[in-house]
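**Student:** Input: one structure, supplied below.
The values are calculated or read from the model by the stated rules, or taken from the named source; none is laboratory data. Source: prediction; values computed, not measured. Glycine also receives a Cβ, built like all others from the backbone with ideal geometry; neighbour counts cover every protein chain displayed. Please note that ligands, DNA and RNA were not included when accessible areas were found on the heavy atoms of the full protein model with its side chains. Shrake-Rupley method; radii C 1.70, N 1.55, O 1.52, S 1.80 Å.
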Amino acid sequence: MAKLSNRFWFQLHGWCSLPIWLIFCFVCLSGTIAVFSHELTWLTNPAARATNPDKLPAKPVAELVAKVQQAYPTADVGSVMLFEPYLVNAVIFTDHDKPFAIAYVNQYSGDIQQINEGMTFINFMRSLHGWLLFPWQSGYSVGYYLVSAMAIVMLGALITGLVIYKNFWRSFTQPKIRLHQGKKTVLTDLHRLAGVWSIWFLMVMSATGLWYLVQAVMWHADIDIEPHAPLVAVSELPATQSAPPVDFAAAMQIATERFPDFQPSFLMLPEHNRGMYTLMGGGDHIFYDQYSYNLSINPWTGEIAQEKSPASMSALQTVMHIADPLHYGTLGGIWTKAIWFLFGLLLSGMSISGFMIWGSRTVNAVRASRQASYTQEVPNGAQ
């Protein structure tokens, strides 16, 4: 078998990285911003800040829901989202004049600080990065496939880049940037140095991106990674119409008793008389996301009809719940987010510098080819 030349690997590296470099760079930049979407929301929207000058403890979530129902008596509260302690809780509801609304409720004071009837910045950035705002239909989105497929491009660029850059490990101990040999040389050295120091980050992004691609295929094929929330049996419903005896506060208490380290993040109230409380949250597991605990609680009997925790997950469920913390850098709070943000910027810069290097060499090669053709066509005496 013939030995593959360095030129071949360089061309393959370019084709892995550059023909769709604009999409790749956009995905990198939007993901980098999405890492700090919560912090940017706090910075730009005062109504989203959970100010607590009196150092009050957080109120129970059920009390915040009651605050919204008092302010909007005809509202139908569907779910509650909880974020970092410095952000307000989001109580999602519908009303006769509000098809979709989010109440920003300060969990310390109980005040409703804003009613948002549109898309939040957090949801916008996650949607823009996750599926480029392409519509979802029949369980799939073309944008989600397109973004996930970038993992293959990234992995190909990583492998070919390491083949091209001989003895790359020396950049860890002897980083080299030749500042006095022209702009092209400086750009090449920066691209290589950033690539070597980003190997771990590229591997993490490639692995999680490949998982998102597999997950998209499974969604499209109607393969459930996690079972759907069960419905209350008809036999358990009362003969006469009445309110369920287990209220939201009692359901939260049941969840806390079942999992003492339960930290709620997304809470759904029953939509109809056969619906259940669906309570999702995180715990003390650093590598699992904020939805690693999931309980379905019967509002008529108080029984836990279905539950999930890190201890009871299947292999696929485990991968599903550790992918997001690894992809967005939420493992250690603000500090790991800052690291992911920094390397996200490096990755975005590498896509731009890689295009510039590849474009420069391609243009030079075309010029050289044309010059050679011109020299052969024109007789020496006619020049």
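**Student:** In the stretch 160-204, what residues are closer than 30 Å to D289 by Cα and open to solvent by 20 Å² or more (accessible area, probe 1.4 Å)?
**Tutor:** Listed by number, the residues that qualify are W197, I199, W200, M203, V204.
**Student:** How many of the residues making up the stretch 201-249 are within 22 Å of A315 (Cα to Cα) and without any contact (Cβ under 8 Å) to a residue 40 or more places away in the chain?
**Tutor:** Looking only at that region, the number is 7.
**Student:** I'm trying to understand the selection: among the residues of the stretch 208-242, which are open to solvent by 80 Å² or more (accessible area, probe 1.4 Å) and part of a loop (DSSP other than H, G, I, E, B)?
**Tutor:** Scanning the stretch 208-242 gives D222, I223, D224, P227, H228, L231, A239, T240, Q241.
**Student:** Report, by residue number, each residue of the stretch 263-293 that is open to solvent by 20 Å² or more (accessible area, probe 1.4 Å), under 19 Å from A90 (Cα atoms) and either over 19 Å from the mean Cα position of the chain (by Cα) or in contact (Cβ under 8 Å) with a residue 24 or more places away in the chain (or both).
**Tutor:** Correct list: Q263, P264, F266, M268, L269, P270, E271, Q290, Y291.
**Student:** Counting just the residues of the stretch 57-85 that are over 23 Å from Q253 (Cβ atoms) and surrounded by 15 or more Cβ atoms within 10 Å (Cβ to Cβ), which one comes out farthest from the chain's Cα centre (by Cα)?
**Tutor:** It comes out as Y72.
**Student:** Inspect all residues belonging to the stretch 33-42 and state whether any of them is of a type outside the set (A, V, I, L, M) and free of Cβ contacts under 8 Å to residues at least 60 places away in the same chain.
**Tutor:** There is at least one residue in the stretch 33-42 that is of a type outside the set (A, V, I, L, M) and free of Cβ contacts under 8 Å to residues at least 60 places away in the same chain.
**Student:** Tally the residues that are surrounded by fewer than 21 Cβ atoms within 10 Å (Cβ to Cβ) and among the aromatic types (F, W, Y), restricting the search to the stretch 298-342.
**Tutor:** Residues in the stretch 298-342 being surrounded by fewer than 21 Cβ atoms within 10 Å (Cβ to Cβ) and among the aromatic types (F, W, Y): 3 in total.
**Student:** Select from the stretch 122-159 the residues that are aromatic (F, W, Y) and surrounded by fewer than 17 Cβ atoms within 10 Å (Cβ to Cβ) and write down the one among them that is farthest from F93 (Cα to Cα).
**Tutor:** Y145
**Student:** Determine if the stretch 74-83 includes at least one residue that is closer than 30 Å to F24 by Cα and modelled with pLDDT of 95 or more.
**Tutor:** Checked against the condition, which is being closer than 30 Å to F24 by Cα and modelled with pLDDT of 95 or more, the stretch 74-83 yields at least one hit.
**Student:** Here's a follow-up. Across the stretch 29-63, what is the number of residues that are assigned to a loop (DSSP other than H, G, I, E, B) and not aromatic (F, W, Y)?
**Tutor:** Filtering the stretch 29-63 down to residues assigned to a loop (DSSP other than H, G, I, E, B) leaves 36, 45, 50-60.
When the remaining residues are screened for being not aromatic (F, W, Y), the result is 45, 50-60.
Result for the stretch 29-63: 12.
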